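Working notes, beginning with the structure itself.
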Amino acid sequence: MSLWEDMMVPCELFEERRVSDGEGGFATVWAPSAPFEAAIVHDDSTQARIAEKEGVTSLYTVTTKAPLKFHDVFTRKSDGQAFRVTSNAEDGKTPSMVSFQFSQCQAEAWKVPNE
């Protein structure tokens, strides 16, 4: 097992669903949909700290075998912290000729609405 695999923690992907609000309209709910594992590292570079001071949410690098996409939402099960993917994981995928496969993307700390 590699170092990045040792750092993986249980996570759960959330799915946005529209349900009837009982009054003829719709309400948006977020429901857990698929478990996966990811290594989540807080970006504490100088640039990230400056951005946080200016109101940008905390930034993270997520390494996983799961195919995450832009604006996917997931939670880290250990503490319930939610994250929203802010980049395309396909851009950070390992080349097909290597013996290990993973992808990296950027994510921000996020609060799941109506939770």
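The values are calculated or read from the model by the stated rules, or taken from the named source; none is laboratory data. Since we're looking at a predicted model, the values are computed, not measured. So basically every Cβ, Gly included, is an ideal-geometry build from the backbone, and we count neighbours across all protein chains shown.
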Query raised in the report: Of everything in segment 1-47 that's of a type in the set (Ser, Thr, Tyr) and farther than 20 Å from Lys111 by Cβ, which residue is nearest to the chain's Cα centre (by Cα)?
Result: Ser45
Requested in this report: Please name all residue pairs, on different chains or six or more residues apart, with Cβ atoms under 6 Å, provided the first residue is in segment 48-68 and is over 13 Å from Cys11 (Cα atoms) and the second residue is modelled with pLDDT under 70 and of a type in the set (Gly, Ala, Ser).
Outcome: Leu59/Ala48
Report summary line: Over segment 16-32, the set of residues loosely packed, with under 13 Cβ neighbours inside 10 Å and either within 19 Å of Tyr60 (Cβ to Cβ) or not hydrophobic (A, V, I, L, M, F, W, C) (or both) is Arg17, Arg18, Ser20, Asp21, Gly22, Glu23, Gly24, Gly25, Thr28, Pro32
